[in-house]
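Once you've had a glance at the structure underneath, I'll fire off some questions.
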Amino acid sequence: MTKMLLRCAVFALGTLLVLGHAGGAEAIEIRRVVSPGGIEAWLVEDHKNPIITLSASFKGGAAADPDGKEGLADMVAALLDEGAGPYDSEAFRRQLEDRVIGLGFSAGRDGFSARLQTLTENSDTAFELLRLAMTEPRFDPEPVERIRAQIVSSLKRSATRPQTIASRTWWRAAFPDHPYGRPDSGTVDSVGRITVTDMKGFAGRVLTRDQMEIGVVGDIDPERLGLLLDRTFGALPDTPAPTTPEAAQLSAVGETFVVEQAVPQSVVVFGHRGIPRDDPDRFAAAILMEIMAGGFGSRLTEEIREKRGLTYGIYAFSLPLDGAQMVMGGVSTRNDKVAETVRLVREIWAGMAENGPTEQEVRDAKTYINGSFPMQLTSSAPIAGMLVSLQRDKRPLDYLEKRPELIDSVTMEDLRRVAKRLFHADELTFVVVGQPKDLKATAPVPEPRS
Amino acid sequence: MRFPAIGRGALFLALFCILISGGPAGAKVYEPESFTLPNGMQVVAITDQRVPVVTHMVWYKVGGADEAPGETGLAHFLEHLLFKGTEKVPSGEFSRIVSRNGGQGNAFTGYDYTAYFQTIASDKLPLVMEMEADRMTNLTLDEDEVAAERQVVLEERRSRVDNSPAALLSERTNAALYLNYPYRRPLIGWAHEIEALTRENALAFYRKWYAPNNAILVVAGDITMERLMPLAEKYYGVIPARPVPERVRPAEPEQIAARRVELAHPLAAQESWTRRWLAPSRFWGESRHVLPLAVLAEVIGGGSTSRLYKKLVIEQKIALSVGAFSGGGDIGPSTFGFYGVPAEGHSVEELEKAIETELQAILRDGVDPAEVARAVKSMKASAVYARDSVTAPAHAVGQALAVGRTIEQIENWPEEVGAVTAEQVMEAAHAILTKPGHVTSILRPKPAS
């Protein structure tokens, strides 16, 4: 969960792409492809390996699950590749496995996505299976009940994990009346209530051409891609997209919640409001988050891990969802060090808001952000993902070229101002799961929503 | 399956699953080029110029299995301490310099190797080579920093193991499965032994094992051997070779007794079951069985169309999930095994019986040559994906070389796996799975009292 959120955050912040350099390596060139039928995809052609990778995203994820049917988006994602069109579950899976086609779906809070990876020689079959999964999923009784049982089992398993408990409690406390406060993957009860009609409804509602974004990388040219786009996505309905989640206000601001659990190490999740994806200050925020939490050398890791040995890992990231924007973080430490760790997080937070970053920190963060982006693009799947998020965020085709300049032009003055806007030590809401010593809860843990 | 490696990273927990090391039918896999410096350090280049990025790795042929008794976790602790600085690059600066230059780096420790890596723009390669070469010999350790890092490792242990019943059980299972071989010890170390590790322990281990003649340099991505060779000579070639002890690994006695390891834990939400046997690796036991066992695992339990899944999950509905695994990439004994989670209303004992029944059927009736052909074809084809990355080939090649394989052996993988027959699969199955000395481990929920 955290890992996935983290990745979203990284992509949301974007950065730049080095387009070739003196060493003579090939540049990554993004092309906009529009099929004869009017379906758009962004393409990075690469014929080095006979592989094609596709990523597609749709609006409408777990936040759009009907009340009482939490987990619907997740369950649909798990079932689309379990039988479609003429193939029952086994026949469908066999097609995929025999040809080593990677096909999968996943649901996020705000969106739903498909990914496909295939050898060029099997691409006709691969795209056909993707089409069938999206347009003619079968939801046969056997796979439905099998997957339901697997989801329920995984819900039960994760329900005892301190990490899951901390995260779920945080969201429940922060969004008591908003879909974001519900568990993404649902509950044992809600997953038990989901019907085939619900799933068919979801697929018909969400898998539409409206607000669909597609990124493709690999061994394919624009002409052939155009053909496959029409064949694969042409039959999807072109209906207006599901409404994006309502804007939400965070509750429980500044509170500390403690969930008692007998574990040797407490797990802490914290967070407060952040800034939107399209905010003019987003570049300054990206730089500040890097300085605060960009791994080794960042303030949190330096103070809490390196100097004091309080934790194996502390992290924080921006999470600009459609309906709410957050800065989130987490840390784990032994029970008798939780109070000290929480106090330090607040102090480091307040220090940044008050004094801003140092010149050296800013220089380092800028070079890191500008230099590290290609590191994320060392295989096809993340490039395809990036092509999708660029489109989702309505970036121009040459955005990656302009990005370094936008980062570099952020001034010290901007950063001091945005530091005050971004970091609010007294608004941090903490959830601690474990047996923390000397740490007072300020409010009772909210009951799960039914 | 033993946990492959543990590292220093926190939020960049890069756990690399290097299961595939193959290539397209007929073709070679990674096409690495290699030469050896006069001081004995092997240098490997894997060229892939799609992005102007390189992954630079130094692999040391030493890991957790080379620790002396009583000092579990030392190899991993030293790996952490290698970030604590030299005279030229003081504590904390290594990571800072790498990220200031837009790069990312980390390190990890396995039983048979320890590796340090950075992924960075290719024009910054000399910078990371210089720093990595510097810390091969010039480590200085401050007592206070060693103490703080020991606390970090203890927190790492709590995060990875003590807060997780599955990890606790796995640790105890390894201790039961290996009777004498050092894979029985946890890589991260037992908590009481981590607490006792000192600066002197770490430095002694460092001086003993960290030498160019015990290391392999792998650079993948936007690099050619022509460009790499002079850099390798300049930065690593000047470090004198030193005598490095031979790795002495004790022999494992014959396994004659089946064992059961059970853990009831309040954080375990449901029952789960695993059974494993010691199995040959490339360097231990009957290595000709390694690839047939990999094929066997694929046929029996490699996904939702495999035998076990079809029978136990789809048809009989006894299991929620079930599968098989095989190792083979270690210096010492690997493992082969099965795992499963019982479905609601079924006990772990029922599941165990059902898996045993399937296993007996396979041993009695054999596998279908068509099943084998399908598994082999899919394993070979999936290997094409292995090239689609800068970092993964560096890991796969470095790991294979660090345990003692040759580039030729890595490159011949597709041919070798393509030649596996149903007879070989059955011969391997009989050789390993009829042995009595397996370990069954069971995790059970424990109601909170």
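The values are calculated or read from the model by the stated rules, or taken from the named source; none is laboratory data. The model shown is predicted, which means the values in this text are computed figures rather than measured ones. Positions of Cβ are backbone-derived with ideal geometry, glycine not excepted, and every protein chain shown enters the neighbour counts. Keep in mind that these areas ignore ligands, DNA and RNA; they rest on the heavy atoms of the full protein, side chains included. Shrake-Rupley method; radii C 1.70, N 1.55, O 1.52, S 1.80 Å.
How many of the residues making up the range A:321-347 are closer than 19 Å to A:Arg417 by Cα and within 13 Å of chain B (Cβ to nearest Cβ)?
Adding up the residues that qualify gives 0.
Which condition number does B:Ile300 fail, the rest of (1) under 27 Å from B:Arg444 (Cβ atoms); (2) open to solvent by less than 10 Å² (accessible area, probe 1.4 Å); (3) out of contact with any Lys or Arg (no Cβ under 8 Å at 6 or more places or on another chain) being met?
All conditions pass for B:Ile300, except number (3).
Same structure, new question: Taking B:Ser164 as the residue in question, decide whether it is out of contact with any Leu (no Cβ under 6 Å at 6 or more places or on another chain) and in contact (Cβ under 8 Å) with a residue 60 or more places away in the chain.
Considered against the rule, which asks whether it is out of contact with any Leu (no Cβ under 6 Å at 6 or more places or on another chain) and in contact (Cβ under 8 Å) with a residue 60 or more places away in the chain, B:Ser164 comes out as yes.
While we're here: Looking at this structure, is B:Val376 within 14 Å of chain A (Cβ to nearest Cβ) and open to solvent by less than 30 Å² (accessible area, probe 1.4 Å)? Spell out the reasoning first.
Values: within 14 Å of chain A (Cβ to nearest Cβ): yes; open to solvent by less than 30 Å² (accessible area, probe 1.4 Å): yes.
Against the criterion (within 14 Å of chain A (Cβ to nearest Cβ) and open to solvent by less than 30 Å² (accessible area, probe 1.4 Å)), B:Val376 qualifies.
Checking A:Ala350 against (1) within 11 Å of chain B (Cβ to nearest Cβ); (2) farther than 29 Å from A:Phe373 by Cβ; (3) surrounded by fewer than 23 Cβ atoms within 10 Å (Cβ to Cβ), which single condition isn't satisfied?
(1)
Same structure, new question: Pick out the one residue from B:Leu351, B:Leu359 that is over 20 Å from the mean Cα position of the chain (by Cα) and surrounded by 21 or more Cβ atoms within 10 Å (Cβ to Cβ).
So the residue among B:Leu351, B:Leu359 that is over 20 Å from the mean Cα position of the chain (by Cα) and surrounded by 21 or more Cβ atoms within 10 Å (Cβ to Cβ) is B:Leu351.
Quick one: count up the residues across the range A:376-390 that are open to solvent by 20 Å² or more (accessible area, probe 1.4 Å) and either over 14 Å from the mean Cα position of the chain (by Cα) or at the interface with chain B (Cβ under 9 Å from one of its Cβ atoms) (or both).
3
Sticking with this structure for a sec: Could you say whether any residue in the range A:193-208 is open to solvent by less than 10 Å² (accessible area, probe 1.4 Å) and within 14 Å of chain B (Cβ to nearest Cβ)?
Scanning the range A:193-208, I find no residue that is open to solvent by less than 10 Å² (accessible area, probe 1.4 Å) and within 14 Å of chain B (Cβ to nearest Cβ), so the answer is no.
Pull up the range B:114-163, narrow it to residues that are within 7 Å of another protein chain (Cβ to nearest Cβ) and in a strand (DSSP E or B), then point me to the one that is nearest to the chain's Cα centre (by Cα).
My answer is B:Thr119.
Against the conditions (1) modelled with pLDDT under 95; (2) part of a helix (DSSP H, G or I); (3) farther than 27 Å from A:Thr301 by Cα, where does A:Gly385 fall short? Just the number, please.
(1)
In the set B:Thr36, B:Thr47, which member is open to solvent by 40 Å² or more (accessible area, probe 1.4 Å), within 13 Å of another protein chain (Cβ to nearest Cβ), β-branched (Val, Ile, Thr) and farther than 28 Å from B:His192 by Cβ?
After ruling out the rest, the residue left standing is B:Thr47.
Looking at (1) in a loop (DSSP other than H, G, I, E, B); (2) open to solvent by 60 Å² or more (accessible area, probe 1.4 Å), find the lone condition where A:Arg363 falls short.
Status for A:Arg363: all satisfied but (1).
Against the condition buried (at least 16 other Cβ atoms within 10 Å of the Cβ), at pLDDT 95 or above, of a type in the set (Val, Ile, Thr) and under 21 Å from the mean Cα position of the chain (by Cα), how does B:Val290 come out, does it pass? Let's see the steps before the verdict.
Numbers: buried (at least 16 other Cβ atoms within 10 Å of the Cβ): yes; at pLDDT 95 or above: yes; of a type in the set (Val, Ile, Thr): yes; under 21 Å from the mean Cα position of the chain (by Cα): yes.
Here the answer is yes, as B:Val290 does meet what is asked.
Is it the case that B:Glu193 is closer than 24 Å to A:Leu310 by Cα and in a helix (DSSP H, G or I)?
For B:Glu193, the condition - closer than 24 Å to A:Leu310 by Cα and in a helix (DSSP H, G or I) - is met.
Looking at the range B:303-340, which of its residues are open to solvent by 20 Å² or more (accessible area, probe 1.4 Å), out of contact with any His (no Cβ under 7 Å at 6 or more places or on another chain), closer than 17 Å to B:Ile442 by Cβ and within 12 Å of chain A (Cβ to nearest Cβ)?
Passing the criteria: only B:Ser321.
Any chance you could count how many residues in the range B:97-113 are more than 12 Å from chain A (Cβ to nearest Cβ) and not charged (D, E, K, R)?
Counting residues in the range B:97-113 that are more than 12 Å from chain A (Cβ to nearest Cβ) and not charged (D, E, K, R) gives 5.
So A:Phe105 passes all but one of these: (1) more than 18 Å from B:Val384 (Cβ to Cβ); (2) open to solvent by less than 10 Å² (accessible area, probe 1.4 Å). Which condition number does it fail?
For A:Phe105, the exception is condition (2).
I would also like to ask the following. Which ones in the range B:32-65 are more than 30 Å from A:Asp219 (Cβ to Cβ) and under 19 Å from the mean Cα position of the chain (by Cα)?
Across the range B:32-65, the qualifying residues are B:Val58, B:Trp59, B:Tyr60, B:Lys61, B:Val62, B:Gly63, B:Gly64, B:Ala65.
So, one more: Can you say whether A:Tyr368 is at negative phi and more than 10 Å from chain B (Cβ to nearest Cβ), as far as the supplied structure shows?
It is false that A:Tyr368 is at negative phi and more than 10 Å from chain B (Cβ to nearest Cβ).
Just checking, does the range B:147-164 include any residue being of a type outside the set (A, V, I, L, M), more than 24 Å from A:Val338 (Cα to Cα) and either open to solvent by 20 Å² or more (accessible area, probe 1.4 Å) or modelled with pLDDT of 95 or more (or both)? If you could, list the steps in order and put the result at the bottom.
Filtering the range B:147-164 down to residues of a type outside the set (A, V, I, L, M) leaves B:149-151, B:155-160, B:162-164.
Retained after the next criterion (residues that are more than 24 Å from A:Val338 (Cα to Cα)): none.
So far as the range B:147-164 goes, no, none of its residues is of a type outside the set (A, V, I, L, M), more than 24 Å from A:Val338 (Cα to Cα) and either open to solvent by 20 Å² or more (accessible area, probe 1.4 Å) or modelled with pLDDT of 95 or more (or both).
Can you pull out the residues in the range B:172-181 that are outside any loop (DSSP other than H, G, I, E, B) and either open to solvent by 10 Å² or more (accessible area, probe 1.4 Å) or free of Cβ contacts under 8 Å to residues at least 40 places away in the same chain (or both)?
B:Arg172, B:Asn174, B:Ala175, B:Ala176
Given the conditions (1) within 14 Å of chain B (Cβ to nearest Cβ); (2) in contact with a helix residue (DSSP H, G or I) (Cβ under 7 Å, 6 or more places away or on another chain), which single one is not true for A:Phe373?
Against the list (1) within 14 Å of chain B (Cβ to nearest Cβ); (2) in contact with a helix residue (DSSP H, G or I) (Cβ under 7 Å, 6 or more places away or on another chain), A:Phe373 comes up short only on (2).
Given the residues B:Ile223, B:Ile256, B:Ile239, which is the only one that is over 24 Å from the mean Cα position of the chain (by Cα), under 30 Å from B:Thr140 (Cβ atoms) and either open to solvent by 60 Å² or more (accessible area, probe 1.4 Å) or modelled with pLDDT of 95 or more (or both)? Spell out how you get there, then give the answer.
Working: B:Ile223 fails: under 30 Å from B:Thr140 (Cβ atoms); B:Ile256 fails: under 30 Å from B:Thr140 (Cβ atoms).
Of the residues listed, the single one that is over 24 Å from the mean Cα position of the chain (by Cα), under 30 Å from B:Thr140 (Cβ atoms) and either open to solvent by 60 Å² or more (accessible area, probe 1.4 Å) or modelled with pLDDT of 95 or more (or both) is B:Ile239.
Here are the criteria: (1) open to solvent by 40 Å² or more (accessible area, probe 1.4 Å); (2) in contact (Cβ under 8 Å) with a residue 60 or more places away in the chain; (3) not acidic (Asp, Glu). Tell me which single one B:Ala370 does not satisfy.
Here B:Ala370 meets the rest and fails (2).
Kindly provide the set of residues from the range A:68-100 that are modelled with pLDDT under 95 and β-branched (Val, Ile, Thr), ordered by number.
A:Val100
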